[in-house]
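Here the structure comes first, spelled out in structure tokens, and everything after it is commentary.
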């Protein structure tokens, strides 16, 4: 199988390293230093047990592989999806028996943006709980084994390939519930870590951060319920706290973006919650406040616990 992976960040590189052993994998992206390093030195991969290996990858340019790939795996940031959609449409071989574009991105709206360009029949949205980070140029580290959730009607051949690459793959009837549950957890955890510039575990160290986490999660759950979406857990707030506990040492992807002075995915997370809340008549004041605060943090504004307490004053 020929697989194009769009995204040279942590998950893009992680999936490339794993899938390279069982398929012809090409990595595409716009992080030029990363691409040049991997071309010259290969992609070094470190697993949870510390074992390292190097994958020799194709690091390619879109215009050189028109209509070449059976599967295009989209792992870019949500604000890059429109560009990725154009690239996916150029890369996908629509005559292939598989011909799938698969998004495993955070947030909402990615599937719709991809479908607009690539066609509804070719585009699918899945979800993953896999965690990884870029340690340095050309080095990706597994920071927590996770699962891949794919729609029930997705390609069995692709599912088998993921399984052969060492992933745990689950076929799900309720993908909307999976996506919204992950959205709620991301909305509860990631913005707070980014604003306060702390690891996940710090969110349970203070009453005010835990109160914010719970409040954010409950707002998302209320919007989902009013929208007729069945979440996969009874209490998203409790699930978010559980995730914080088992990922206490992790730095969220949103915090990494703030650290590096990059745009975050807050629009596809809290922004998506706000937008859907307006559609179904559910207020989301805490998500609105946090959205504005993360946008300010992108411009290097600093926040502390007292700033969070003001949200409940």
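The values are calculated or read from the model by the stated rules, or taken from the named source; none is laboratory data. Just so you know, these numbers come straight off a predicted model, no measurement behind them. Because the Cβ atoms are built from the backbone with ideal geometry, glycine has one as well, and the counts that use them run over all protein chains shown.
Assigned by TED's automatic domain parsing to the domain that holds residue 157, in a helix (DSSP H, G or I) and surrounded by fewer than 20 Cβ atoms within 10 Å (Cβ to Cβ): does that describe residue 87? The answer is no for residue 87. Looking at the range 149-229, the helices (runs of 4 or more DSSP H) lying wholly inside it that each contain 3 or more residues that are surrounded by fewer than 18 Cβ atoms within 10 Å (Cβ to Cβ) sit at 156-164, 207-226.
Here residue 277 qualifies as in contact with a helix residue (DSSP H, G or I) (Cβ under 9 Å, 6 or more places away or on another chain), without any contact (Cβ under 8 Å) to a residue 60 or more places away in the chain, crowded, with 20+ Cβ neighbours inside 10 Å and farther than 27 Å from residue 11 by Cβ.
Here residue 48 fulfils each of the conditions (1) closer than 21 Å to residue 169 by Cβ; (2) part of a loop (DSSP other than H, G, I, E, B); (3) at pLDDT 95 or above; (4) touching a strand residue (DSSP E or B) at 6+ places or on another chain (Cβ under 9 Å) apart from (3).
For the range 230-253, taking the residues that are surrounded by 15 or more Cβ atoms within 10 Å (Cβ to Cβ) and touching a strand residue (DSSP E or B) at 6+ places or on another chain (Cβ under 9 Å), the one that is farthest from residue 201 (Cα to Cα) is identified as 232. Considering only residues that are touching a helix residue (DSSP H, G or I) at 6+ places or on another chain (Cβ under 9 Å) and part of a loop (DSSP other than H, G, I, E, B), look in the range 95-110 and name the one that is surrounded by the most Cβ atoms within 10 Å (Cβ to Cβ). Among residues in the range 95-110 that are touching a helix residue (DSSP H, G or I) at 6+ places or on another chain (Cβ under 9 Å) and part of a loop (DSSP other than H, G, I, E, B), the one surrounded by the most Cβ atoms within 10 Å (Cβ to Cβ) is 105.
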